[in-house]
Amino acid sequence: MKYGFVIIGGGIQGCATAWQLADAGEDVLLLEGGEIASGASGGFGRRGVRANRRDLRELPLMRSAYRLWPELDERLGIGTGYERTGGLFLIEQEATGTRGGLVAAQAHAATQNRFGIRTEVIGRDRLLELEPAVGPAVRAALHCPLDGTADHTAATKAFAEAARRRGATLREGCHVTSLERSGDRITAVHTAQDEGFEVGTAVLLLNNTGAADLLRRNLGIELPVWRTFPQALRVIPTDGPPMSHLIGHDHRPVSLKPLPDGSVMVSGGWRGRWNAGLQRGEIVEEHVRGNLRTAYEVYPCLEDAELAVADAGTPESCSADGIPVIDRVPGSANAWVGTGWAGHGFAIAPAVAESLASWLRTGTRPDDLTPFSLARFGPAPHGRPAVTDPA
Ligand SMILES: Cc1cc2nc3c(=O)[nH]c(=O)nc-3n(C[C@H](O)[C@H](O)[C@H](O)COP(=O)(O)OP(=O)(O)OC[C@H]3O[C@@H](n4cnc5c(N)ncnc54)[C@H](O)[C@@H]3O)c2cc1C
């Protein structure tokens, strides 16, 4: 079978891009090795849709994401669980390293506002009006009223279902093992189930932690990315979630999200580890304790909360400079890769998909994807010369 666009990976990136392309009338096949939303786009809880203190190179995408998220339920015809809760980045210290603390807050707010991300610095009195249970050490916050959260599993499945309705073919249990190449084009992909699919226009490696391996084994290309296992906890406070906003912190590794069932998701940079025997990520007890401690240092009433879930099973890709790689594969005229999301690839996914689909259909890279080029890692880093766009 031959398809115009073959997408590898059924997470939020693959499904959102499949929907964009199918909605534009393109012929799309998406191949997912497990089930839709079984990677980083799956699992319990919610994901932050956050611009606050995001890498500046991602802010143009995030401004588009602010526009897209509130429209999605209606455009997809299925709920994504998106909610505009507002986001707070809590500050305790006068100065944190070279980039944070009270001394840096106004500069961060001004910069984010210049990128179209509404941001204000608020003092403790105003903060207590918004978040009465926040701990005594917190002195101020960066407030982004348009930040929020969404149900990542629901959103990914909503994109998948909407893509299907627009005519895309989505296949689960199809693990891509090889890419067939002729000259500078990928002509077909093959799966572990011994199926082959011809590629008409382009193939997209949107399979997150699987992308680097596929490129290394098939094309000898090394991407500057690796895999980690983010830790996420669900705790049940005695009196319901003490916060109503998406919460981040200036110097403590903690992120807090109120969940609809009255529990709280606790994450924020703590990691699990790979268990080779089980072939999956697992928690590290000490990191669970550390993450809980940071949570109640910020919200003291969480000290009595009951730990209900601790998970580090879903892998995520990271890159050498902390922002993703979204680019044409070096030396290939018709293969694209998106990976290295570094723990914040969910919020921008609708905007990435919109821009990536435009690039694929017009042959011109949109400006908001320029920062994610592989060229930023140095000249010809992967040993193969880039070729010009086919269009
Ligand atoms: C605990 C946790 C908390 C997070 N919090 C946030 C947050 O608050 N805000 C935010 O913006 N982001 C957050 N992220 C990051 C975000 O979830 C990810 O960046 C995003 O989901 C990546 O989407 P994806 O589609 O690229 O990858 P995935 O969802 O991992 O999808 C890739 C898919 O490809 C499939 N696959 C792999 N190899 C192959 C192959 N060879 N053939 C076929 N299929 C293959 C996998 O099975 C998988 O389903 C968090 C991540 C985690 C794990």
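The table that follows gives values for the structure above.
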item	result
Counted residues, the stretch 308-341 - those being out of contact with any Cys (no Cβ under 9 Å at 6 or more places or on another chain) and outside any strand (DSSP E or B)	15
Top-ranked residue of the stretch 25-39 - restricted to ones that are within 6 Å of the ligand (Cβ to nearest atom) and not hydrophobic (A, V, I, L, M, F, W, C), ranked as most open to solvent (accessible area, probe 1.4 Å)	SER38
Top-ranked residue in the stretch 361-374 [being touching a residue at least 12 places away in the same chain (Cβ under 8 Å) and assigned to a helix (DSSP H, G or I); ranked as nearest to ARG328 (Cα to Cα)]	LEU374
Among the residues listed as SER332, SER358, the single one being more than 23 Å from THR209 (Cα to Cα) and at pLDDT 95 or above	SER358
All positions within the stretch 152-189 that are under 23 Å from the mean Cα position of the chain (by Cα), among the charged types (D, E, K, R) and in a strand (DSSP E or B)	ARG171
Options ARG63, ARG75; residue that is of a type in the set (D, E, K, R), within 30 Å of VAL199 (Cα to Cα), surrounded by fewer than 21 Cβ atoms within 10 Å (Cβ to Cβ) and not assigned by TED's automatic domain parsing to the domain that holds ARG166	ARG75
Options ASP184, ASP250; residue that is surrounded by 21 or more Cβ atoms within 10 Å (Cβ to Cβ), at pLDDT 95 or above, out of contact with any Pro (no Cβ under 9 Å at 6 or more places or on another chain) and more than 27 Å from PRO350 (Cβ to Cβ)	ASP250
Among residues of the stretch 192-208, those that are touching a residue at least 12 places away in the same chain (Cβ under 8 Å) and surrounded by fewer than 23 Cβ atoms within 10 Å (Cβ to Cβ), counted	9
So LEU90, is it modelled with pLDDT of 95 or more, open to solvent by less than 60 Å² (accessible area, probe 1.4 Å) and more than 27 Å from PRO241 (Cβ to Cβ)	no
Some residue of the stretch 40-47 being surrounded by fewer than 24 Cβ atoms within 10 Å (Cβ to Cβ) and over 18 Å from the mean Cα position of the chain (by Cα)	no
ARG50 vs. criteria open to solvent by 30 Å² or more (accessible area, probe 1.4 Å), in contact with a Cys (Cβ under 8 Å, 6 or more places away or on another chain) and within 27 Å of LEU205 (Cβ to Cβ)	yes
Any pair with Cβ under 6 angstrom, 6 or more apart, that starts in the stretch 28-56 at a residue that is at positive phi and ends at one that is part of a loop (DSSP other than H, G, I, E, B) and near the ligand (Cβ under 7 Å from one of its atoms)	GLY43/THR314
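Results for (1) aliphatic (A, V, I, L, M); (2) within 30 Å of ALA320 (Cα to Cα); (3) away from the ligand (no atom under 13 Å from the Cβ), shown as yes or no for each residue.
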| position | (1), (2), (3) |
| --- | --- |
| GLY4 | no, no, yes |
| GLY45 | no, yes, no |
| ARG54 | no, yes, no |
| MET62 | yes, yes, no |
| GLY77 | no, no, yes |
| GLY87 | no, yes, no |
| ARG99 | no, yes, yes |
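Residue-wise test of (1) out of contact with any strand residue (DSSP E or B) (no Cβ under 7 Å at 6 or more places or on another chain); (2) within 13 Å of the ligand (Cβ to nearest atom).
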{"residue": "ALA168", "(1), (2)": "no, no"}
{"residue": "THR177", "(1), (2)": "no, yes"}
{"residue": "ASP194", "(1), (2)": "yes, no"}
{"residue": "PRO237", "(1), (2)": "no, no"}
{"residue": "LEU246", "(1), (2)": "no, yes"}
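The values are calculated or read from the model by the stated rules, or taken from the named source; none is laboratory data. Keep in mind it's a predicted model, so treat the numbers as computed, not measured. FYI the Cβ positions are ideal-geometry reconstructions off the backbone, even for glycines, and counts take in every protein chain you see. These area figures cover heavy atoms from the full protein model, side chains too; ligands, DNA and RNA do not enter into them. Shrake-Rupley method; radii C 1.70, N 1.55, O 1.52, S 1.80 Å.
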